Amino acid sequence: MQLIEKSDEFSKRFARWNGSEDLNNYPFIENERAPFTPLKRALPLLNIALISGAGAYITGTEAFDIDSREGDASYREIPVEVAAEDLSYASKGYDPTAIREDRNCQIPIERLLEYQANAVIGQLNEVWWSVSSFTPDAIRVANELTPALVERLERYQVRAALFIPASRLAHQNLAIIARGVEMAGIPTMNISVDRQLSDTIRPPRTAYYKGEFGSVAGKPNWREYQLRVLDESIRWIETFDQPGSRRLAVEIQSAVEAARGER
């Protein structure tokens, strides 16, 4: 199975794309099939990785290139110990206000460490991976970035991976990477606030809801909301028995909480 099923067609259309930041006339990938790897162990036994599409990097190190037409197909490997205040963001395609206010709305390190402490997951991998929020050249994502990340996940003996994009283009690119990770035998889950786009690219598993770019893991400074997004998403890695997408119940639950005056 190919990461991009009609790569020649994409390349031709990409060559004609005008390069606009608003992605006007951008040739988003369309796939018909999705790979799938069943989870073979329970979540409390797993080393889970986080892959973020927010363009985060450690302050003082090299930022992602978000100005070139092709984008940046590199990644940053960041230890979980790095504090939120030590991160900067090469943000394009999303408003970074929320993530600067509360990293967990997009990069939920503290929430995932809570799951680790409560034995919901075995452990959060000791490093997480950040990729650019704006890499239009999907062929480079498939041919360069994906195998590089697969090698790192295998190096750390990751047994499941959670993908959280921040922008519309990151929804495409993380879905492509998830396809490659799944083909390498590692189960994945994508959180999406753009179901139509995610379903078109066909990552193996998608948990979606009506959220916002830049706070895909939940609203900033609302711990319960973030946990609701993550809880079903992570647990569904176990319960999916074929490729597909499911809608999270986070909107209904949060509306009830707000109506009760609890938020």
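Counting residues in the stretch 151-171 that are of a type outside the set (Lys, Arg), without any contact (Cβ under 8 Å) to a residue 40 or more places away in the chain and closer than 17 Å to residue 244 by Cβ gives zero.
Being part of a strand (DSSP E or B) and in contact with a Gly (Cβ under 8 Å, 6 or more places away or on another chain) is a property that does not hold for residue 213.
What pairs come out if I take residues in the stretch 227-254 that are closer than 18 Å to residue 114 by Cα and pair them with residues that are part of a helix (DSSP H, G or I) and modelled with pLDDT under 95 whose C-beta lies under 6 Å away, six or more apart or interchain? From the stretch 227-254, the pairs are 228/250; 228/253; 229/250.
Could you check how many residues of the stretch 115-142 are more than 16 Å from residue 53 (Cα to Cα) and without any contact (Cβ under 8 Å) to a residue 60 or more places away in the chain?
Kept after step one, since they are more than 16 Å from residue 53 (Cα to Cα), are these residues of the stretch 115-142: 115-126, 139.
Now restrict to residues that are without any contact (Cβ under 8 Å) to a residue 60 or more places away in the chain: 116-118, 126.
Of the residues in that region, 4 qualify.
Hey, could you check the stretch 182-212 for residues that are among the β-branched types (Val, Ile, Thr) and touching a residue at least 40 places away in the same chain (Cβ under 8 Å) and say which is surrounded by the fewest Cβ atoms within 10 Å (Cβ to Cβ)? Only one residue fits best here, namely 200. Among the residues of the stretch 40-68, those identified as part of a loop (DSSP other than H, G, I, E, B) and out of contact with any Phe, Trp or Tyr (no Cβ under 8 Å at 6 or more places or on another chain) are 40, 41, 42, 46, 59, 60, 61, 62, 65, 67, 68.
Does the stretch 218-227 contain at least one residue that is of a type in the set (A, V, I, L, M, F, W, C), within 21 Å of residue 102 (Cβ to Cβ) and part of a helix (DSSP H, G or I)?
yes
Answer with yes or no whether residue 33 is in a loop (DSSP other than H, G, I, E, B), among the basic types (Lys, Arg) and within 30 Å of residue 225 (Cβ to Cβ). So residue 33 fails the test.
Residues in the stretch 42-58 that are modelled with pLDDT of 95 or more and in contact with a helix residue (DSSP H, G or I) (Cβ under 9 Å, 6 or more places away or on another chain): 10 in all. Residue 91 fulfils the conditions (1) over 26 Å from residue 158 (Cα atoms); (2) hydroxyl-bearing (Ser, Thr, Tyr); (3) touching a Phe, Trp or Tyr at 6+ places or on another chain (Cβ under 6 Å) except for a single criterion, (3). Taking the numbered list (1) more than 16 Å from the chain's Cα centre (by Cα); (2) in a loop (DSSP other than H, G, I, E, B) in turn, residue 93 passes all entries but (1). Being more than 21 Å from residue 211 (Cβ to Cβ), under 19 Å from the mean Cα position of the chain (by Cα) and surrounded by 15 or more Cβ atoms within 10 Å (Cβ to Cβ) narrows it down to one residue among 109, 99, 78; which is it? Just a single option satisfies the conditions, and that option is 78.
Restricting attention to the stretch 5-52, the residues being aliphatic (A, V, I, L, M) and free of Cβ contacts under 8 Å to residues at least 12 places away in the same chain number 1. Of the residues that sit in the stretch 120-146 and are among the aliphatic types (A, V, I, L, M) and over 19 Å from residue 226 (Cβ atoms), which one is nearest to the chain's Cα centre (by Cα)? Applying the filter and picking the extreme gives 131.
The set of residues in the stretch 2-51 being on the phi > 0 side of the Ramachandran plot and surrounded by 12 or more Cβ atoms within 10 Å (Cβ to Cβ) consists of 19, 23.
For the stretch 81-90, filtering for residues that are surrounded by 15 or more Cβ atoms within 10 Å (Cβ to Cβ) and either in a loop (DSSP other than H, G, I, E, B) or among the hydrophobic types (A, V, I, L, M, F, W, C) (or both) leaves 4. Look at residue 107 and say whether it is touching a strand residue (DSSP E or B) at 6+ places or on another chain (Cβ under 6 Å) and assigned to a loop (DSSP other than H, G, I, E, B). Yes; evaluated as a whole, the condition is true for this residue.
The values are calculated or read from the model by the stated rules, or taken from the named source; none is laboratory data. Please read all numbers here as calculations on a predicted model, not as lab measurements. Glycine also receives a Cβ, built like all others from the backbone with ideal geometry; neighbour counts cover every protein chain displayed.
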